[in-house]
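Peer 1: Questions regarding the structure given below will be posed in turn.
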Amino acid sequence: MKNINDAKKMISQSNNIVAFTGAGVSTESNIPDFRSVTGLYNNEEKYGYPPEEILSKSFFDNSPEAFYRYYKSNLVHIHARPNDCHHALCELEKKGKLKAVVTQNIDGLDRLAGTVNVLELHGSVYRNYCINCSKKYGVGHIVNCTGPVPLCKECGGIIRPDIVLYEEQLDSHIINRAVNAIRCADILIVIGTSLVVYPAAGLLHYYRGDNLILVNKTPTAFDSLAKIVINDKAGPIMIRLAGDFI
Ligand code: NAD
């Protein structure tokens with residue numbers, strides 16, 4: 001309770017907050033994360049490979065059919081809707097308090113909630129392009145495709161999601177914007193991430209303030225760096241923290 005009140009007070013006094021989020025902010029929208037008990041790591045037997053392997057560039061290149069079987073069933077959730085956490089962050093942005101959401105998520109829920117300055121470190125399932133001619137496609141083309149692999153209407157090339165696969169580099173333009181936002185922030189709120197996926201988790205080291213708030217169901221390796229750690233569900237906690245501005 002004291003932690004929540006202290007965090008709420010810090011948030012009420014700042015107009016320069018940045019949120020850094022992970023898959024845990026979307027589990028309340030029924031999108032599984034990787035490392036919770038019900039996360040995607042626990043259905044490895046069904047597919048025979050861990051998620052990192054299926055979601056790697058070499059796996060995509062060698063077995064696009066198997067990649068799409070996994071990807072469409074586990075990572076594309078077009079009926080998912082933003083939850084209280086996404087909405088609370090959007091409201092803080094509207095009130096001029098939140099400057100950016102830096103997210104590892106590819107589910108597009110921050111944008112659906114209405115947040116404008118969303119830095120998607122790992123891309124988005126909503127954007128797709130042909131690897132041959134670069135023609136762009138929305139997520140509908142992927143979901144509605146009846147064949148094993150979505151193909152380009154113009155040139156017949158394979159379409160891929162505009163997400164960062166394992167073995168690929170993060171977009172340097174997005175990284176620079178994220179580093180700048182984090183470096184300049186008064187308050188950094190880290191929500192729903194195990195902080196084990198690099199280089200994304202390493203961005204936390206650019207934060208120079210001493211108002212790090214961590215909201216995560218389970219402990220992380222960064223807990224000792226935080227001023228306030230709240231081990232609880234992101235949605236209800238963010239509604240309480242942003243309460244005065246919603
Ligand atoms: P992770 O699965 O490694 O960790 C999620 C963390 O969130 C866990 O520590 C868990 O305890 C916590 N958590 C789960 N539900 C929560 C809730 N309701 N409230 C608060 N905390 C909660 O996820 P990660 O750290 O984001 O790393 C996984 C990688 O997988 C990322 O790179 C991400 O791109 C990708 N991924 C994305 C999605 C998505 O877009 N929604 C889903 C699965 C995986």
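The values are calculated or read from the model by the stated rules, or taken from the named source; none is laboratory data. A quick note: this is a predicted structure, and the numbers were derived from the prediction, not measured. Positions of Cβ are generated from backbone atoms using ideal geometry, with glycine treated the same way; all protein chains shown enter the neighbour counts. What goes into the accessible areas is simple: the full protein's heavy atoms, side chains included, and nothing from ligands, DNA or RNA. Shrake-Rupley method; radii C 1.70, N 1.55, O 1.52, S 1.80 Å.
Peer 1: Once R0 is set to 30 Å, what does the formula 1/(1 + (r/R0)^6) return for the Cβ-Cβ distance between residue 221 and residue 8, expressed as a FRET efficiency to the nearest 0.05? Walk me through the numbers on the way to the answer.
Peer 2: Working: r = 26 Å, r/R0 = 0.85.
After rounding to 0.05, the efficiency reads 0.70.
Peer 1: Something else now. Kindly report, to the nearest 10 Å², the accessible surface of residue 155 as traced by a 1.4 Å probe over protein heavy atoms only.
Peer 2: Surface accessible to solvent at residue 155 totals approximately 60 Å².
Peer 1: What's the magnitude of the charge dipole for the chain around its Cα centre, counting Lys and Arg as +1 and Asp and Glu as -1 at the beta-carbon? Answer in Debye, nearest 20.
Peer 2: Working: 26 positive and 25 negative charges, 134 e Å.
With only Lys, Arg, Asp and Glu charged at Cβ, the dipole is about 640 debye.
Peer 1: Another question about this same structure. For a Förster distance of 25 Å, can you work out the FRET efficiency between the beta-carbons of residue 134 and residue 174, rounded to the nearest 0.05? Before the final figure, lay out the partial values.
Peer 2: Working: r = 18 Å, r/R0 = 0.74.
It comes to 0.85.
Peer 1: Across 5 Å bins from the origin, how do the percents of Cα pairs in the range 31-152 run, short distances first?
Peer 2: Using 5 Å bins, I get a P(r) of 2, 10, 17, 21, 19, 15, 10, 5, 2, 0 for the range 31-152.
Peer 1: Cross-link list 8/233; 9/227; 99/227; 9/217; 95/227: which exceed 18 angstrom alpha carbon to alpha carbon? If you can, show how the numbers build up before the last one.
Peer 2: Details: 8/233 16 Å; 9/227 13 Å; 99/227 20 Å; 9/217 22 Å; 95/227 24 Å.
Correct reply: 99/227; 9/217; 95/227.
Peer 1: Over the chain, with the other protein chains present, what is the accessible area per residue in square angstrom, probe 1.4 angstrom? Display every interim value, and only then the final one.
Peer 2: On the way: 11640 Å² over 246 residues.
Result: 47 Å² of accessible area for each residue.
Peer 1: Same structure, new question: Whenever you get a sec, compute what percent of the accessible area on the chain sits on carbon and sulfur atoms (1.4 Å probe). Don't jump to the answer; show the numbers that get you there.
Peer 2: Working: 5780 of 11640 Å².
Using a 1.4 Å probe with all protein chains present, the chain comes out at 50 percent carbon and sulfur.
Peer 1: Can you put 57, 233, 94 in order of accessible area, largest first, using a 1.4 Å probe? Please list the in-between numbers first.
Peer 2: Details: 57 65, 233 90, 94 140 Å².
Of 57, 233, 94, the descending order of accessible area is 94, 233, 57.
Peer 1: I would also like to ask the following. Mind jotting down a quarter of the surface of the convex hull over the alpha carbons of the range 120-234, in square nanometres, one decimal? Write out the running numbers ahead of the final one.
Peer 2: On the way: hull surface 36.0 nm².
If I average the Cα hull's projected area over directions, I get 9.0 nm².
Peer 1: Now for a different question. Just how far, in whole angstrom, is the range 167-246 from the range 77-103 if you go by their alpha carbon centroids?
Peer 2: 14
Peer 1: Report the accessible area of residue 160, computed with a 1.4 Å probe over the heavy atoms of all protein chains in place, in Å² rounded to the nearest 10.
Peer 2: 20
Peer 1: Next question. With N set to the residue count of the chain, report its C-alpha Rg divided by 2.2 N^0.38 Å to two decimal places. Could you put the intermediate results ahead of the total?
Peer 2: Numbers: Rg = 18.3 Å, N = 246, 2.2 N^0.38 = 17.8 Å.
The value comes to 1.03.
Peer 1: Take 115, 27, 218, 146 and sort them by solvent-accessible surface of the protein heavy atoms, 1.4 Å probe, largest at the top. Before the final figure, lay out the partial values.
Peer 2: Details: 115 5, 27 50, 218 80, 146 140 Å².
Highest to lowest solvent-accessible surface, that is 146, 218, 27, 115.
Peer 1: I want to verify a result. In a Gaussian network model of the chain, Cα cutoff 10 Å, which of these has the top mean-square fluctuation: 79, 205, 173?
Peer 2: Checking each option, the largest mean-square fluctuation is seen for 79.
Peer 1: Same structure again: What 222 nm value per residue comes from the helices of the chain, counting each DSSP H run with n ≥ 4 as -39,500 (n - 2.57) and dividing by all residues, nearest 500 deg cm²/dmol?
Peer 2: Calculated at 222 nm, the ellipticity per residue is -9000 deg cm²/dmol.
Peer 1: Hey, another quick one. What's the extension gain from residue 30 to residue 239 if we count 0.36 nm per residue and subtract their Cα-Cα distance? Write out the running numbers ahead of the final one.
Peer 2: Values: separation 209, 0.36 × 209 = 75.24 nm, distance 1.82 nm.
My answer for the length gained is 73.4 nm.
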